[in-house]
Amino acid sequence: MKALPAFPLNSRILQMIYFSFIYPHLLYGIQVYTNTNKAALKKLMVLNNKILRILQQQKTRVHTVELYKNYNTLPIPELHKYQLLMLVHKFVYHNDKLPPAFVN
């Protein structure tokens with residue numbers, strides 16, 4: 001059987017794949033799981049960096065700051081801080097947009 005020719009995906013599609021399949025999993029429960037032990041969190045951060053390198057077709061020498069900058073996102077610890085700040089902002093200024101458990 002003859003192999004099909006490879007059709008490389010452009011960088012925009014690869015970015016859409018990241019934000020469709022990976023990013024939501026990072027955000028879900030980030031306030032909870034980032035408070036776990038550092039070794040477990042480190043594994044997740046390394047995996048996320050690898051995924052970004054693969055999708056951006058970068059060598060291992062490229063610094064992770066560039067990977068996150070290219071996709072206009074934050075590393076997991078900074079993403080955690082950002083999500084916490086957004087939650088506090090909603091609590092202070094937009095209390096009506098929070099789940100009912102937060103009202104009382």
Inset, instruction - Report, by residue number, each residue of the range 54-75 that is modelled with pLDDT under 95 and of a type in the set (Lys, Arg). - result: Lys59, Arg61
Inset, instruction - Show the residue pairs that are 6+ apart or on different chains and have beta-carbon atoms under 8 Å apart, the first residue being within the range 93-104 and surrounded by 10 or more Cβ atoms within 10 Å (Cβ to Cβ), the second being outside any loop (DSSP other than H, G, I, E, B) and basic (Lys, Arg). - result: Leu98/Lys90
Legend entry - Options Leu79, Leu52; residue that is surrounded by 15 or more Cβ atoms within 10 Å (Cβ to Cβ) and within 28 Å of Pro8 (Cα to Cα): Leu52
Inset, instruction - Please specify each residue of the range 45-69 satisfying the condition of being closer than 12 Å to Tyr18 by Cα and among the polar types (S, T, N, Q). - result: Asn48, Asn49, Gln56
Inset, instruction - Give the residues of the range 6-49 that are without any contact (Cβ under 8 Å) to a residue 12 or more places away in the chain and farther than 22 Å from Lys81 by Cα, sorted by residue number. - result: Ala6, Phe7, Pro8, Leu9, Asn10, Arg12, Ile13, Met16
Inset, instruction - Return the total of residues in the range 7-31 being over 11 Å from the mean Cα position of the chain (by Cα) and either surrounded by 14 or more Cβ atoms within 10 Å (Cβ to Cβ) or assigned to a helix (DSSP H, G or I) (or both). - result: 8
Inset, instruction - Determine whether Asn70 is surrounded by 13 or more Cβ atoms within 10 Å (Cβ to Cβ) and of a type in the set (S, T, N, Q). - result: yes
Inset, instruction - Test Arg61 against the criterion of being of a type in the set (Lys, Arg), without any contact (Cβ under 8 Å) to a residue 40 or more places away in the chain and in a helix (DSSP H, G or I), and give yes or no. - result: no
Legend entry - Matching residues, the range 18-45, being at pLDDT below 95 and of a type in the set (Val, Ile, Thr): Ile30, Val32, Thr34, Thr36
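The values are calculated or read from the model by the stated rules, or taken from the named source; none is laboratory data. Bear in mind the structure is a predicted one, so any value in this text is a computation, not a measurement. Neighbour counts run over all protein chains shown; Cβ positions are idealised from the backbone, glycine included.
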